[in-house]
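Okay, structure first, notes after.
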Amino acid sequence: MTPQAAPTPAYRRLSVEERRGQLLDAALALFAHRPPDEVSLDDVAEQAGVSRPLVYRYFPGGKQQLYEAALRSAADELRLCFDEPREGPLLTRLSRALDRYLAFVDGHDTGFSALLRGGSVVETSRTSAIVDGVRRAAAEHIMSHLGVTEPGPRLGMTVRMWITAVEAASLIWLDEEKQPPVEELRDWLVEQFVAVLSVTARRDAQTAELVEALVRDA
């Protein structure tokens with residue numbers, strides 16, 4: 001008996017949201033490993049397995065609109081990195097958040113560098129605002145875990161400085177071929193968080209109380 005061929009899977013038309021998500025995933029995959037100004041709509045169409053006119057149908061603003069949409073998608077993923085349940089010691093929570101953040105950096109190395117360094121032909125005030133939104137969200141999450149609703153200027157500046165240091169360390173880590181090992185980098189960044197808070201605590205009573213709580217919680 002001649003074996004029957006396996007049935008061909010039925011074609012399923014994607015919904016508008018599914019198709020848009022497919023195109024964004026394709027764009028993010030390209031932006032993860034190539035600077036944005038080196039990615040064309042033809043590249044995105046090929047990556048998604050669709051035609052260039054279809055990409056334009058969903059993103060009539062062309063590459064700029066697609067890049068901003070992809071950037072918002074990446075920003076949403078980065079925000080989730082710091083969305084850690086308030087369970088267990090604070091520094092353990094921070095370590096878990098950094099694990100997710102550094103995993104994102106590792107998986108989107110070239111695109112992450114292009115995003116934070118700027119200089120892309122598709123960089124605008126809107127794209128800069130998207131990146132700044134991630135930083136603000138990270139600061140808000142950290143303050144929430146610290147149990148602070150109204151941070152003073154010194155504490156607020158310290159947390160924002162540390163977030164900037166994390167970004168800088170991530171870029172240097174990529175330049176140095178991802179050395180030291182990511183677990184060591186994570187622990188180092190957590191230690192730096194405690195260190196900068198300790199320095200600020202010498203000048204700020206609010207931060208001093210937090211440092212005492214961190215020591216008790218460790």
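If you fit an axis through the alpha-carbon atoms of helix 153-175 and take the longest principal axis of the Cα set of the chain, what angle between them do you get, 0 to 90°, nearest 10?
50 degrees
Largest first, how would Ser113, Ser144 line up by accessible area (1.4 Å probe)?
Ranked from most to least accessible, the order is Ser144, Ser113.
Per DSSP H run of n ≥ 4, the term is -39500 (n - 2.57); total these for the chain, divide by its residue number, and report the mean residue ellipticity at 222 nm rounded to 500 deg cm²/dmol.
-23500 deg cm²/dmol
Are there any trypsin sites (Lys or Arg not before Pro) in the stretch 143-218 that are in a DSSP loop and have at most 13 other Cβ atoms within 10 Å? List them by number.
Arg202, Arg203
Give me, ordered by chain and number, the residues 5 or more places off Lys178 or on other chains with an amide H under 5 Å from its own placed amide H.
Those qualifying (amide H under 5 Å, at least 5 residues apart or on another chain) number zero.
Quick one: accessible surface of Tyr101, probe radius 1.4 Å, all protein chains present, in square angstrom to the nearest 10.
Using a 1.4 Å probe on the heavy atoms, I get roughly 10 Å².
Per residue Cα convex hull volume for the chain, in cubic angstrom?
Measuring per residue, one finds 193 Å³ for the Cα hull of the chain.
When only DSSP loop residues count, what trypsin sites (Lys or Arg not before Pro) in the stretch 10-90 have their Cβ near at most 15 other Cβ atoms within 10 Å?
In loop regions of the stretch 10-90 (DSSP not H, G, I, E or B), the sparsely surrounded trypsin sites (Lys or Arg not before Pro) are Arg12, Arg13, Arg86.
Tell me, what is the FRET efficiency for Arg160 and Arg20 to the nearest 0.05, using R0 = 41 angstrom and their Cβ-Cβ distance as r?
E between Arg160 and Arg20, to the nearest 0.05, is 0.75.
Between Val194, Val166, Val134, where does the largest GNM mean-square fluctuation fall for the chain, given springs only between Cα atoms within less than 10 Å?
Val194
The values are calculated or read from the model by the stated rules, or taken from the named source; none is laboratory data. All of these numbers come straight from a predicted model, not from anything done at the bench. For neighbour counting, all protein chains shown are included, and Cβ atoms are generated from backbone atoms with ideal geometry for every residue, glycine included. Just so you know, the surface numbers come from the protein's heavy atoms only, side chains and all, with ligands and any DNA or RNA stripped out. Shrake-Rupley method; radii C 1.70, N 1.55, O 1.52, S 1.80 Å.
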